[in-house]
Amino acid sequence: FFHKVLAAMEIIFQASEFQLEGDYLVGGLFDIHHVSTLVYHDRPEAIDCSSPLFLSSYRRFQVMRFSVEEINNSTELLPNVSLGYEIFDHCSDIQNFPATLNLISVNGSIQPWSEPHKNLSRVSKVIAVVGPFSSTETLTVAPLFMMNLIPIVSYGAASSAFSEKSKFPSFLRTVHSNKNIIEVIVNIILHFNWRWVAFLNSDDEFGIDGLELFIKRTENTDICMAYIKLLNDNVNYTRMFKQIEAQKINIIIVFAPKRTAEALIESAIRLNVTNKVWVAGDTWSLNEKLPKEKGIRNIGTVLGVSQPVVAIPGFNDFIYSSKSWNDCENAGQKFCNEFCNSSSLSAEDIVFIDPSFSFPVYSAVHSVANALHNVLQCGVGKCNSNITVYPHMVLAELKKSNFTLLNQSIQFDENGNPKFGRYSIVFWNHSGAIEEIGFYTFFPSINYVIDNNKIQWYTDGKVPSSQCSRECPKGYAKRQNGIHKCCFACEICPNGTFVNSTDDHYKCVNCKDTEWSAEGSTSCSLRVVEYIPFTDIGAILIMCGAWSFIGLTIATSVLLAINYNTPVVRSAGGPMCFLILSCLTLSSLSVFFYFDKPTECFCILRSLPFILFYSVCLACFVVRSFQIVCIFKMAAKFPMLYSWWMKYHGQWLLITGTFVTQALLLLIGYSCGPPKPYNETLWYPEKIILSCEIGLKANSGPVILLLFLACLCFIFSYMGKNLPKNYNEAEAITFCLFLLILTWIIFATVYMLYRGKHIQTVNALAVLSSLYSFLLWYFLPKCYIIIFQSQKNTQQYFQGLIQNYTKTISQ
């Protein structure tokens, strides 16, 4: 069957538009007609390319004819060499193999090489092929040319699949791949801040490739594809537009061939689809028919990406001077089932039709001619006719193309893609004309411009919006609803967090420890670091108070030492007074470490001296209270206990035991978890209060012992509150303990309500108050008697008090 078809294809009619004799032939594949509906056959039949003529494709067909004629008339390009062509109407995506087989056949037969690089004489007579136009057509026939490395220079196949040189080693193209046009479309969407879009693509290689590239390109953007639909002959447009309207989608991207797009837009007009922005691909953005359709303004605004319109010098003259479309019909010529049915056309029909992809055809033919020029080693006025030209030689030169054509540098990259050209961004205005409003260039560098002022929006000047959810206010994070990242709820970021609008809109990020933020923040601010320095007026006053306390304890010790053998000193505790005063002095050292920047050493010394030596003080007062009660109340009732206490010096055993126990507890506690510097940030988010940890592990045991001693002391002292006046240290001790307890209750209350930097001052004041309570209310009265009431500091005075107390008890 194929042998008969190939034989039929050798028939040549004079004056045919499809053939031109020449020294070298260039094949051409143009979809002048298109058979969209395939009919089932029960026996092999050649396809009938007689469907209505597509003018834009016919114009491209004429551009190739003009290009070959221009080259043949040139004295610089291929001098004395004639270039011919053999063009076929590639009217079907999948049933045009006869045309392809004709181009790769030799004398009506196809014989593969018996070995690589052998029998080159049996390679096709065609040195290169221009076309086909669509990606589907190219994907169907390209493999047949690849085996013999016959160059295919496509002027319209934009699928990214053809960039794979392992599969398509001899494929080149003069149009940018879908990857580039998708890049332009995405930039238009981002430029107008559209997020919620529909993507309608043709159900073929071109459309599916565009969809995949669009999905990949928008992965890391805020663009969401709310709706996807493959367009074919079975699409229910009514249902499709209802679904788009139901999802409130205002932006519709149409990535489909011209015929498919025309059917879509005509359906939208018929179904009264309104107020949409349509983004057209380069295959239909310069459509000459649709902008003038009645009701086109109702559908909304149409933007598009197009091949730039490049005026080809001499082409219009070629069309006007040619009579081929009239002559053809009169002759009734038919070539390989191709009908030359162009008699009804005028020159204006060809000149003013959609010029898309005309320059790609023009540059494709010139690329082949320049490659052949280099293969033949052409110089001034002549070429080397002794060189046998094979397709793979032309391919090698095509890859190295570097010439200027209409002020553009024609070059190809390693994948056969063009390194020249740009895209125009167009708008269909209200007068039915197509107006350029911007451009996007790829070479030598990316340059992108859109003039917004030229666009007549259907919203009367305001750029339409298309969003699933309104943008969140500043300081709010997005919480995604459903599968689309464009659909979200807004949640305010709490204190201490912020939303980074340039990084992740969906997450409230925690501030650093040294930073803070208010609710609903977009950034963090540095916290103000606060502590009480030594130069603070409050710190100075408290430290002066501590030095005064030390001075007073020393003075008191000196006074008591001078009057050591007097009754007042002996009744106050005798040698135990000096131990108490020494421990109070050592306890006061803690006060100085509550100021300046806390360190681990400072944090330990804030509590350790006070807890350790104050425990000894309390132990001494426990002993004093117990002894007073024993002397006056328990000695008579429990003589054995009293004698044992006096014999074994029970008071010193208790004090020593307390000191050793407290020291061990502090050693164990501080070994397990010593107090450390702590940054208080919870109470005041905008500040860092430098303080020390409470140190529960380290101080819980010692504090419990301290509280036990205080309670025991209070019990014993309270029991002796009605003893003789000069012997009544128990009453003074009770009052001191009352002040001590009151002081720390006040501090605990303040600590619960306030955690600012001055809490350190309050803590130091509480420590100092605890020390002064014993000095002022226990020792100061003794000093006053010694200095100002010496008559009461006699043995006779004390014995009289005891005798009176004894009489009172006996009565």
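The values are calculated or read from the model by the stated rules, or taken from the named source; none is laboratory data. Since the model is a prediction, treat every value here as computed from it, not as a measurement. No Cβ is skipped: glycine too gets one built from the backbone with ideal geometry, and neighbour counts run over all protein chains shown. To get the accessible areas, we keep the full protein, side chains included, count just its heavy atoms, and leave off ligands, DNA and RNA. Shrake-Rupley method; radii C 1.70, N 1.55, O 1.52, S 1.80 Å.
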Please work out which one of (1) in contact with a Phe, Trp or Tyr (Cβ under 7 Å, 6 or more places away or on another chain); (2) modelled with pLDDT of 90 or more; (3) buried (at least 22 other Cβ atoms within 10 Å of the Cβ) is the condition residue 625 fails and give its number. (2)
Of all residues in region 155-176, how many are outside any loop (DSSP other than H, G, I, E, B) and under 21 Å from residue 389 (Cα atoms)? 2
Number of the condition not met by residue 78 [criteria: (1) at pLDDT 90 or above; (2) at negative phi; (3) open to solvent by less than 10 Å² (accessible area, probe 1.4 Å)]: (2)
Of everything in region 671-689, what is surrounded by 13 or more Cβ atoms within 10 Å (Cβ to Cβ) and among the hydrophobic types (A, V, I, L, M, F, W, C)? Give them in sequence order. 688, 689
From the residues in region 22-41 that are open to solvent by less than 10 Å² (accessible area, probe 1.4 Å) and part of a loop (DSSP other than H, G, I, E, B), which one is modelled with the lowest pLDDT? 33
Quick check: is even one residue across region 347-362 more than 30 Å from residue 254 (Cβ to Cβ), part of a helix (DSSP H, G or I) and either at pLDDT 90 or above or in contact with a Phe, Trp or Tyr (Cβ under 6 Å, 6 or more places away or on another chain) (or both)? yes
Quickly run through region 133-153 and pick out the residues that are farther than 21 Å from residue 203 by Cα and open to solvent by less than 10 Å² (accessible area, probe 1.4 Å). 145, 150, 151, 152, 153
What do you reckon, is residue 213 outside the structural domain of residue 85 (by the TED database) and over 22 Å from residue 414 (Cα atoms)? no
Enumeration of residues in region 269-328 that are in the same structural domain as residue 438 (by the TED database) and in a helix (DSSP H, G or I): 269, 270, 290, 291, 292, 296, 297, 298, 299
Kindly evaluate residue 439 against the criterion of being in contact with a Lys or Arg (Cβ under 6 Å, 6 or more places away or on another chain), closer than 27 Å to residue 313 by Cβ and part of a strand (DSSP E or B). yes
For a quick check of your reading of the model, give me the residue pairs whose first member lies in region 662-688 and is farther than 21 Å from residue 599 by Cα, whose second is assigned to a strand (DSSP E or B) and among the hydroxyl-bearing types (Ser, Thr, Tyr), with beta-carbon atoms closer than 9 Å and at least 6 apart or on different chains. 686/525
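Would a scan of region 382-392 turn up a residue that is within 30 Å of residue 296 (Cα to Cα), hydroxyl-bearing (Ser, Thr, Tyr) and not in a strand (DSSP E or B)? Let's see the steps before the verdict.
Start the filter on region 382-392 by keeping residues that are within 30 Å of residue 296 (Cα to Cα), which leaves none.
So far as region 382-392 goes, no, none of its residues is within 30 Å of residue 296 (Cα to Cα), hydroxyl-bearing (Ser, Thr, Tyr) and not in a strand (DSSP E or B).
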Among the candidates 668, 704, 604, single out the residue that is open to solvent by less than 50 Å² (accessible area, probe 1.4 Å) and modelled with pLDDT of 75 or more. 604
How about region 263-289: which of its residues are more than 39 Å from the chain's Cα centre (by Cα) and free of Cβ contacts under 8 Å to residues at least 40 places away in the same chain? 263, 266, 267, 269, 270, 271, 272, 289
Mind listing just one residue for me: the one in region 442-471 that is assigned to a loop (DSSP other than H, G, I, E, B) and among the polar types (S, T, N, Q) and, of those, surrounded by the fewest Cβ atoms within 10 Å (Cβ to Cβ)? 445
Unmet requirement for residue 219, which otherwise passes all of (1) assigned to a loop (DSSP other than H, G, I, E, B); (2) in contact (Cβ under 8 Å) with a residue 12 or more places away in the chain: (2)
Give 238, 283, 301 a once-over and let me know the one that is more than 22 Å from residue 223 (Cα to Cα), crowded, with 17+ Cβ neighbours inside 10 Å and at pLDDT 90 or above. 283
